[in-house]
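Novice: Pasting a structure here, questions to come.
Every number here is computed from the coordinates shown, using simple stated rules; none is lab data. As the structure is a prediction and not an experimental result, all values here were calculated from the model. Backbone-built Cβ (ideal geometry, glycine too); neighbour counts: all protein chains shown.
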Amino acid sequence: MMKKRKKYSYPDKRGYFGEFGGRYVPETLMNALFELEALYARAKRDPKFHAEYISILREYAGRPTPLTYAGRLTNHYGKARIYLKREDLCHTGAHKINNVVGQMLLAKRSGKTRIIAETGAGQHGVATATVAAKFGYRCIVYMGQEDVQRQSLNVHRMKMLGAEVRTVTTGSRTLKDATSEAIRDWVTNVPDTFYVIGSVVGPHPYPMMVRDFQSIIGKETKKQFDGIPSYLVACVGGGSNAMGMFYPFIKDSVRMIGVEAAGEGLESDRHAATLSKGRPGVLHGTFSYLLQDMNGQVSLAHSISAGLDYPGVGPEHSFLKTSKRVLYAAVSDIQALRAAELLSQTEGIIPALESAHAVAYLETLMPKTRKNDSVIICLSGRGDKDMQTYMKNISKEGTRP
Ligand SMILES: *Cc1c(COP(=O)(O)O)cnc(C)c1O
């Protein structure tokens, strides 16, 4: 007898995941979003589009990425078997390129060759500048002044790749303001400009599109693992690597945990735990959980990891939280640093600080697991970009596990 599958078909036609999502944009962008939705719907039905997407990911970005059994880390906890999905081995060092390749192919179909993007840590900017160079497209990346100073290596990378980096000096001078500036550019230049968004955020159809492009992570994992794991764990900034890992498993009986950044602690004002501590509101064209003050003003997020330092989160995560399909937790800066050290010394893999948040959740999860359980962690990126932070924060002797 066929096992009855639970239905999961989100977003709805208007771009909502339950009450979350939608298109909260100025009227001048509505048409552009309708066009993009139609363009994507055609591409999704076209086997040629899919073939080209897969072929670039294979030949250029290094997919499929391995699923690595973490033997020494498993022994360290002495419970469930731990596996790592190795997005750190993608070209440019993280999962972001999966989505950028998909959107760049859509840009190609739309005939628009002026590419704009927003970036915080610079990782999405680098991925976009990379793929734009490969396609021969003009690329402009908006980045807050604060981030330009903190992430100078990535600024130089983008410039070397031929992109123009526009420094944003308004507001908090971080990702939130860079995104507002990119939206303003898009409003002004819609006829020839394609906006490549870096996570499962923004107005419909972006959260759905980015999720679909990142789903390659979960699809490969499903094939490689050959069965259904007990737990999936991924870090959540905007939520794209987590959605990419979770979505192909959403109808299966696997427990999923999204890990946010608790920064200096959930009781401090310095964290980025949007789902744990925020309230629903509108930011950057979508209705979702949001860090905001009593007057509804968007609060500043804080995390030692620049890639998790965003006051919003993708609307589908808000839906998965309220519908209780996914559990959301948060780990602090210090816990993430410890986990980065542990993974480096047990497995010989230096993780990105973002990914180290997912690893840190093992401290909570592992005691509850049994030997025949299995845990898959989405290792979203590698740690080269974070070496300065690691050097500053991890003592000379370290703390060998
Ligand atoms: C950008 C980034 C993240 C956070 O983005 P999501 O959309 O939440 O995946 C996580 N890990 C790495 C390595 C990143 O570069």
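Novice: Note the direction-averaged projected area, equal to a quarter of the hull surface, for the Cα convex hull of the range 275-401, in nm². Could the numbers behind the result be given before it?
Specialist: Numbers: hull surface 38.0 nm².
Computed as one quarter of the Cα hull surface, the answer is 9.5 nm².
Novice: Let me make sure I get this right: for the range 1-71, a, b and c are the square roots of the gyration tensor eigenvalues over alpha carbons, sorted descending. Under 1.5 in a/c it's rounded, otherwise prolate if a/b > b/c, else oblate. Which is it? Don't jump to the answer; show the numbers that get you there.
Specialist: Working: a/c = 1.97, a/b = 1.34, b/c = 1.47.
It comes out oblate by the Cα gyration axes.
Novice: What ³J(HN,Hα) values, in whole Hz, does the Karplus curve 6.51 cos²θ - 1.76 cosθ + 1.60 give for the range 303-318 when θ = phi - 60°, with x put for Gly and Pro?
Specialist: With coefficients 6.51, -1.76 and 1.60, one gets 8, 5, 9, 4, x, 9, 8, 9, x, x, 7, x, x, 5, 5, 4 Hz.
Novice: Give me, ordered by chain and number, the residues 5 or more places off residue 114 or on other chains with an amide H under 5 Å from its own placed amide H.
Specialist: Under 5 Å from the amide H of residue 114: 194.
Novice: Would you work out if the range 74-175 is rounded, prolate or oblate? Take a ≥ b ≥ c from the square roots of the eigenvalues of the alpha-carbon gyration tensor; rounded if a/c is under 1.5, else prolate when a/b is larger than b/c, oblate otherwise.
Specialist: Numbers: a/c = 2.63, a/b = 1.46, b/c = 1.80.
Here the range 74-175 falls in the oblate category.
Novice: For the range 153-162, take each phi angle, set θ = phi - 60°, evaluate the Karplus expression 6.51 cos²θ - 1.76 cosθ + 1.60, and give the result in whole Hz per residue in order, putting x for glycine and proline.
Specialist: Computed from phi, the couplings for the range 153-162 are 4, 5, 4, 5, 4, 4, 5, 4, 7, x Hz.
Novice: Relative to the compact-globule scaling 2.2 N^0.38 Å, provide the ratio for the alpha-carbon radius of gyration of the range 221-291.
Specialist: Values: Rg = 14.6 Å, N = 71, 2.2 N^0.38 = 11.1 Å.
In units of the globular-protein estimate, the range 221-291 measures up at 1.31.
Novice: Which of 132, 330, 41 moves the most in a Gaussian network model of the chain with Cα springs under 10 Å?
Specialist: 41
Novice: Just order 196-202, 301-307, 368-374 by mean Cβ neighbour count inside 10 Å, highest at the front, would you?
Specialist: On the way: 196-202: 28.9, 301-307: 25.3, 368-374: 13.0.
For the peptides 196-202, 301-307, 368-374, the packing ranking is 196-202, 301-307, 368-374.
Novice: Quick one: 3J(HN,Hα) in Hz for the range 13-20, Karplus 6.51/-1.76/1.60 with θ = phi - 60°, rounded, Gly and Pro as x.
Specialist: 4, 8, x, 9, 9, x, 8, 9
Novice: Also: Taking amide H atoms as placed 1.01 Å from N in the peptide plane, list the residues 5 or more away in sequence, or in a different chain, whose amide H sits under 5 Å from that of residue 332.
Specialist: Close amide H contacts, sequence-distant or interchain: 262.
Novice: Ranked from highest to lowest mean number of other Cβ atoms within 10 Å per residue, what is the order of the peptides 282-293, 53-64, 206-217?
Specialist: Numbers: 282-293: 22.2, 53-64: 16.0, 206-217: 25.2.
Order by mean packing, descending: 206-217, 282-293, 53-64.
Novice: Starting from the amide H of residue 63, placed 1.01 Å from N in the peptide plane, find each other amide H under 5 Å away whose residue is 5 or more places distant or on another chain.
Specialist: Distant-sequence amide H within range of residue 63: 58.
Novice: Would you work out if the range 171-305 is rounded, prolate or oblate? Take a ≥ b ≥ c from the square roots of the eigenvalues of the alpha-carbon gyration tensor; rounded if a/c is under 1.5, else prolate when a/b is larger than b/c, oblate otherwise.
Specialist: Numbers: a/c = 2.45, a/b = 1.27, b/c = 1.92.
Oblate shape, in that a/c is at least 1.5 and b/c is the bigger or equal ratio.
Novice: Using r as the Cβ-Cβ distance of residue 252 and residue 169, and R0 as 45 Å, what FRET efficiency do you calculate, to the nearest 0.05?
Specialist: My answer for the efficiency is 0.45.
Novice: Cα centroid distance between the range 280-354 and the range 83-137, in Å?
Specialist: 21 Å
Novice: Calculate the spin-label point distance for residue 219 paired with residue 294, positioning each point 7 Å from the Cα along the beta-carbon direction, and give it in nanometres.
Specialist: 5.0 nm
Novice: So which of 79/392; 44/112; 85/134; 176/277; 79/321 end up more than 21 Å apart by C-alpha? Walk me through the numbers before you get to the answer.
Specialist: Values: 79/392 32 Å; 44/112 19 Å; 85/134 26 Å; 176/277 18 Å; 79/321 27 Å.
Table pairs above 21 Å Cα-Cα are 79/392; 85/134; 79/321.
Novice: Could you name the aspartates and glutamates whose alpha carbon sits less than 17 Å from that of residue 96, not counting residues in the same chain fewer than 8 places away?
Specialist: Cα-Cα hits under 17 Å: 59, 87, 88, 118, 212, 220, 309, 354, 384, 386.
Novice: Taking Rh as the Kirkwood radius computed over C-alpha pairs, what is the Stokes-Einstein D of the chain at 10 °C in a medium of viscosity 1.306 mPa s, expressed in µm² per second? Can you show the working numbers first?
Specialist: Details: Rh = 21.0 Å.
For these conditions, the coefficient is 76 µm²/s.
Novice: Can you list the residues of the range 357-394 with backbone N under 20 Å from a point 7 Å past the Cα of residue 334, pointing along Cα to Cβ?
Specialist: Hits in the range 357-394 for residue 334 at 20 Å: 357-365, 389-394.
Novice: So which GluC sites (Glu not before Pro) in the range 199-299 pass both tests, a DSSP loop state and at most 10 other Cβ atoms within 10 Å of the Cβ? It would help to have the intermediate numbers written out before the result.
Specialist: Details: sites: 220, 260, 264, 267; in loops: 264, 267.
Here the GluC sites (Glu not before Pro) that fit, given the DSSP loop and packing criteria, are 267.
Novice: Here's a follow-up. Based solely on its DSSP helices, what 222 nm [θ] is calculated for the chain when runs of n ≥ 4 H residues each add -39,500 (n - 2.57) and the sum is averaged over all residues, nearest 500 deg cm²/dmol? Before the final figure, lay out each step's value.
Specialist: On the way: 17 runs with 169 residues, N = 401.
Calculated mean residue ellipticity at 222 nm is -12500 deg cm²/dmol.
Novice: I've got another one for you. Extension gain residue 12-residue 45, at 0.36 nm per residue separation less the Cα-Cα distance, in nm?
Specialist: On the way: separation 33, 0.36 × 33 = 11.88 nm, distance 1.78 nm.
Extending this stretch completely gives an extra 10.1 nm.
Novice: At 0.36 nm per residue, minus the direct Cα-Cα distance, what do residue 268 and residue 372 gain on full extension? Give it in nm, one decimal, please.
Specialist: Here the answer is 33.6 nm.
Novice: Given a Förster distance of 22 angstrom, what is the FRET efficiency for residue 30 paired with residue 109, based on the Cβ-Cβ distance and rounded to 0.05? Don't jump to the answer; show the numbers that get you there.
Specialist: Values: r = 20 Å, r/R0 = 0.92.
Using R0 = 22 Å, I get an efficiency of 0.60.
Novice: Tell me which of 256, 305, 284 sits at the most positive position along the dipole axis of the range 249-306, charges placed on C-beta atoms (Lys, Arg +1; Asp, Glu -1).
Specialist: 256
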